[in-house]
């Protein structure tokens, strides 16, 4: 399982040090949450911070946009060459077109779905993406409690992926810690996003505890 620390829980007063430390601690990806205050009730960071993180990070970027205008944000962050960019099925009228755009930009497309959104909404999209991001909290804020019902969604999604696109990865984000990581792994998840759990302790120890 890959570990993707979410910098939403980092100390932004010394973000450069935080990025260096979490990369050295063994992170596989650096997860960046982008919120616009419209699709979700919070505003996080924009292009200036992503540009700075891209310069500092020795690990690939994994950008998750929780926004109403996906095209605009894809154009904004494409120059920083993220490995993955996840956009929400709930906010995109033309997902396949946006997936094609991401591929042309050299970015691996990923579709994100909220905890109470049915897997049926992405059945026709799974064959075209490299990853599906399952939110295990309601998006908008860090430090929320894990929604255990999402484990069943992960199992359902894994069956769908095995039929339609076996190379597609499953990522889960929200409330992940040392107590639930084994259940998450057993549900078929490939990449665990963790924020407050990782940044709330000694980074190497926390990452190792998840592994």
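The values are calculated or read from the model by the stated rules, or taken from the named source; none is laboratory data. Remember, it's a predicted structure, so these values are computed and weren't measured experimentally. Neighbour counts are summed over all protein chains in view; Cβ atoms, including those assigned to glycine, are modelled from backbone coordinates with ideal geometry.
Just for helices (runs of 4 or more DSSP H) wholly inside segment 129-211: which have at least 3 residues that are under 24 Å from residue 12 (Cα atoms)? Talk me through it step by step, then tell me what you get.
Details: elements: 150-164, 181-186, 196-199, 203-210.
Result: 196-199, 203-210.
Which of the residues that make up segment 36-55 are closer than 16 Å to residue 87 by Cβ and modelled with pLDDT of 95 or more?
Of everything in segment 36-55, just one residue is closer than 16 Å to residue 87 by Cβ and modelled with pLDDT of 95 or more, namely 50.
So, in segment 22-62, exactly how many residues are part of a loop (DSSP other than H, G, I, E, B) and over 20 Å from residue 199 (Cβ atoms)? Working first, answer last.
Going residue by residue through segment 22-62, those that are part of a loop (DSSP other than H, G, I, E, B) are 25-29, 37-42, 44-46, 57-60.
The next check asks that each one be over 20 Å from residue 199 (Cβ atoms); those that pass are 37-41, 46.
The number of residues fulfilling the criteria is 6.
Residues to consider are 47, 17; find the one that is in contact with a helix residue (DSSP H, G or I) (Cβ under 8 Å, 6 or more places away or on another chain) and either free of Cβ contacts under 8 Å to residues at least 40 places away in the same chain or more than 26 Å from residue 104 (Cβ to Cβ) (or both). Before you say what the answer is, go through the steps one by one.
Working: 17 fails: in contact with a helix residue (DSSP H, G or I) (Cβ under 8 Å, 6 or more places away or on another chain).
Matching residue, one of 47, 17: 47.
Cβ-Cβ below 9 Å, separation at least six or inter-chain, first residue in segment 90-116 and at positive phi, second modelled with pLDDT of 95 or more: which pairs?
106/78; 106/81
Within segment 8-30, which residues are touching a strand residue (DSSP E or B) at 6+ places or on another chain (Cβ under 6 Å) and either surrounded by fewer than 12 Cβ atoms within 10 Å (Cβ to Cβ) or at pLDDT below 95 (or both)?
In the first step, residues of segment 8-30 are kept if they are touching a strand residue (DSSP E or B) at 6+ places or on another chain (Cβ under 6 Å); the result is 8, 22, 27-30.
Passing the criteria: only 8.
So that you can scan it fast, the table gives a plain yes or no per residue for (1) crowded, with 19+ Cβ neighbours inside 10 Å; (2) within 18 Å of residue 43 (Cα to Cα):
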{"position": "67", "(1), (2)": "yes, yes"}
{"position": "75", "(1), (2)": "no, no"}
{"position": "82", "(1), (2)": "yes, no"}
{"position": "111", "(1), (2)": "yes, no"}
{"position": "129", "(1), (2)": "yes, no"}
